[in-house]
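In what follows, a structure is listed as structure tokens, so that the remarks can point back to it.
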Amino acid sequence: MEWIQWFGEHFIGMFNAGGEQFMSLITGIVPTLVVLLTFTYALIKFIGEDRVTKAIRFTSKYALLRYTVMPMLSILLLTNPMAYTFGRFVEERQKPAFFDSLVSFLHPVTALFPYANAGELFVYLGIANGLTQAGYSTSELAVRFFLVGIVIMLIRGLLTEQITKFLMRRM
């Protein structure tokens, strides 16, 4: 009989803890995410969608921009998973490399722009929590995480493009 009572108390306790976590998100990160998204969409409206489209088409012509600026813009402007739609601006043979560079940047972008991929925020927050407990600032970590992400997405984009070219020649 005691185990039923224990199960009942702890079962509802799990939901109480989930509710507390949910409320901390509602009063913490969610308002920041809404403001950041609103700012991004307002910026696109002010610049003009046609100009933004022209800029994206320009960046798709050059490998350095295609695997750094273009994925960054797609994630920051459209967020995950809509960011994948920027693939329409690259040639068919470059789509695998663009996708690879884009997905390799989904975690690092959350350090400075949590709205861009909020579903993966737990990765950065887990690391940041450890640093905070050790007495370090998370600002430096966020910047380094972001910069390393840019380098990694460039490397992965260029490598995947070469692998795709090789495989296309074999076919």
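The values are calculated or read from the model by the stated rules, or taken from the named source; none is laboratory data. None of the values given here were measured: they were computed from a predicted structure. Here the Cβ positions follow ideal geometry from the backbone for every residue, glycine too, while neighbour counts run over all protein chains shown. The protein model used for the area step is the full one, side chains on, heavy atoms only, and it has no ligands, DNA or RNA in it. Shrake-Rupley method; radii C 1.70, N 1.55, O 1.52, S 1.80 Å.
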Mean accessible surface per residue for the chain, computed with a 1.4 Å probe while every protein chain stays in place, in Å²: 65
Label selected from (1) 1.08; (2) 1.12; (3) 1.01, the criterion being Rg/Rh (Cα atoms, Kirkwood Rh) as computed here: (2)
Choice from T110, T53, T27 with maximal GNM fluctuation in the chain (Cα, 10 Å cutoff): T27
Rounded to the nearest 20 debye, dipole of the chain from Cβ charges on Lys, Arg, Asp, Glu: 1220
Accessible-area composition of region 1-152, carbon plus sulfur, in percent [1.4 Å probe]: 69
D_trans [Stokes-Einstein, Kirkwood Rh over alpha-carbon pairs] for region 24-66, 4 °C, 1.567 mPa s, µm² s⁻¹: 105
Inter-probe distance in nm under a simple model that places probes 7 Å from Cα toward Cβ, at Q5 and K54: 7.5
Dimensions (Å) - region 44-111, Cα atoms, principal axes, largest first: 29, 29, 18
Within the chain, longest stretch free of exposed chymotrypsin sites (Phe, Trp or Tyr not before Pro) [DSSP loop, at most 13 other beta carbons within 10 Å]: 63-135
q = 0.22, 0.24, 0.26 Å⁻¹: log10 I(q)/I(0) that the Debye formula gives for region 64-153, counting C-alpha atoms only: -0.99, -1.13, -1.27
Under 13 Å from K165, Cα to Cα: aspartates and glutamates that are on another chain or at least 8 residues apart: E91, E92
Length-normalised contact order of the chain in % [C-alpha pairs under 8 Å, at least 6 apart]: 22
Label-zone membership for region 86-105, site R170, 7 angstrom Cα→C-beta point, backbone N under 14 Å: none
